[in-house]
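**Q** Got a structure for you, written out below as structure tokens; questions coming shortly.
The values are calculated or read from the model by the stated rules, or taken from the named source; none is laboratory data. Model, not experiment: these values are computed from the prediction. Cβ: placed from backbone, ideal geometry, glycine included. Neighbour counts: every protein chain shown.
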Amino acid sequence: MREVARELRCPVCQNLSVADSPSELAQEMRGVIRERLRAGQTPEEIKAYFVAKYGDWILLSPRPGGIGWLVWVGPFAGAAAGLLVAGFAIRRWSRRRRDAAPGAADPALLERACREALEKEEPPPGAMPRSPLETERVQLYAALRELEFDYRAGKLSAEDHAEMRRDLGARAATVLAALKSAPPIPAPEPGSSSAGASAPPVRRRRTWRLAAGAVFLLAFGVALAVFLSASLRPRMEGMGSPTGDFLTGTGPGGISPDSAGTMAQMETGRPGDEAAGAMPGPILAQIQEYRARLAGNPRDVAALLGMAGLNFQRQNLKEAIDYYKRVLDIDPGNSEALASIGLILGGAGYVDPALSAFDRVLAQNPNDPLALWSKGWILYEKKQDYAGAIQAWEKLLATSRLAPEDMDQVASLLIEARKKLAAPAGAAPAPVPPAAPSGSR
């Protein structure tokens, strides 16, 4: 069981595996894995079951196929490219060092460089355009003059002076040899600036490379910001994960369409297709009416709640959550939206966020019928907290004005909960409670 669970991602603690996550949903998933193993299913069949329910996102290691190949091949391709670039850079560096080795210098040019460094006076800066080779020659001559000054001042030994003079002279001789073969630089026209003539082509190429790199980084940052803004959403207090939608393979609140459909079937006892069914005429007329109202006023809370309620009844839970979220954006304390989202979250296995949503509603209105019924159902079905469920349903009967048939329904649920509370441990579970009383919605 732990071997299979280590390969699955916890939908609640998305940075942990099902084996390591302490969430209640992970505990339930471990129980499902254990039961299916006992039933004779293979680990691959169990993982396929969770993939069908949550999508490939549930796998901590993506499958080596399709876009998943990028994850498997990308690091090796990047490492190979990095080795090639490093090898190319080391080769160029070693070639430059070899070309600049002292043994490669002409003895005559070496003597000339050491002599000119002490005798030749350099023209003032800006007097003539200088190529990169001329600039390097001037710097090497200045280093040779400083070396002679330090030696005469007694700061260097004869051995150090000879070795450093030989090295600098060889580099200067190499530059002189290059200057001999280089074409002469034309003199600037009167009144023209020498800045353009003195700008080396290599530096201009580097400037263009830096500019191209900056544009690439800017485009990458913009694309990253767009994708992150599409995949992240504000965390509702005590509810859900901050991630959702297409990058994580889940819908709002971390609920995938498959798991939402499974929750709908679990709550109603009907298959999802049958629950969705063909849309009756009155419901279609209501939807058209709400859409017309929202077209005129997108912040019409009553119309948003109406659309959410219709989608909730037809088990279009993803659409219902979207409308409830729009209501909470306008009215963060709306009790109907909070309680309904809590009911959907609880049915999908997010028990603690669901109870937190009910508690927020009951903190505003301790007698809210939908929050009381939903809290009792979650405590009864998901946590097996029969005493808590009895307390919530007794308060619902005592404080809410329900229709007679709804009161009978809640009373029957209370009887079942009291039986479960009095039954010995290990007794068979009671049937799943029916949908919420119509008067509490």
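**Q** When you look at Tyr350, is it out of contact with any His (no Cβ under 6 Å at 6 or more places or on another chain), of a type in the set (Phe, Trp, Tyr) and modelled with pLDDT of 85 or more, yes or no?
**A** Criteria not met by Tyr350.
**Q** Go through (1) touching a Ser or Thr at 6+ places or on another chain (Cβ under 6 Å); (2) of a type outside the set (A, V, I, L, M, F, W, C); (3) in a loop (DSSP other than H, G, I, E, B); (4) farther than 21 Å from Asp406 by Cβ and name the single condition Asn367 misses.
**A** (4)
**Q** Still on this structure, I have one more. Which condition does Gly65 not pass, out of (1) modelled with pLDDT under 80; (2) crowded, with 16+ Cβ neighbours inside 10 Å, if it passes all the others?
**A** (2)
**Q** I would also like to ask the following. Just the residues that are of a type in the set (A, V, I, L, M) and crowded, with 19+ Cβ neighbours inside 10 Å, please, taken from segment 363-376.
**A** Leu370, Ala371, Leu372 - these are the residues of segment 363-376 that are of a type in the set (A, V, I, L, M) and crowded, with 19+ Cβ neighbours inside 10 Å.
**Q** Can you tell me which residues in segment 319-351 are surrounded by fewer than 20 Cβ atoms within 10 Å (Cβ to Cβ) and either among the hydrophobic types (A, V, I, L, M, F, W, C) or under 21 Å from Lys382 (Cα atoms) (or both)?
**A** Passing the criteria: Leu328, Ile330.
**Q** Considering every residue within segment 31-53, establish whether at least one is in contact (Cβ under 8 Å) with a residue 12 or more places away in the chain and part of a loop (DSSP other than H, G, I, E, B).
**A** No: zero hits.
**Q** Across segment 400-417, which residue is surrounded by the fewest Cβ atoms within 10 Å (Cβ to Cβ) among those that are under 46 Å from the mean Cα position of the chain (by Cα) and in a helix (DSSP H, G or I)?
**A** So, considering only residues that are under 46 Å from the mean Cα position of the chain (by Cα) and in a helix (DSSP H, G or I), the one surrounded by the fewest Cβ atoms within 10 Å (Cβ to Cβ) is Glu416.
**Q** Additional query: In this structure, is Ile378 modelled with pLDDT of 85 or more, more than 28 Å from the chain's Cα centre (by Cα) and part of a helix (DSSP H, G or I)?
**A** Spelling it out, Ile378 is indeed modelled with pLDDT of 85 or more, more than 28 Å from the chain's Cα centre (by Cα) and part of a helix (DSSP H, G or I).
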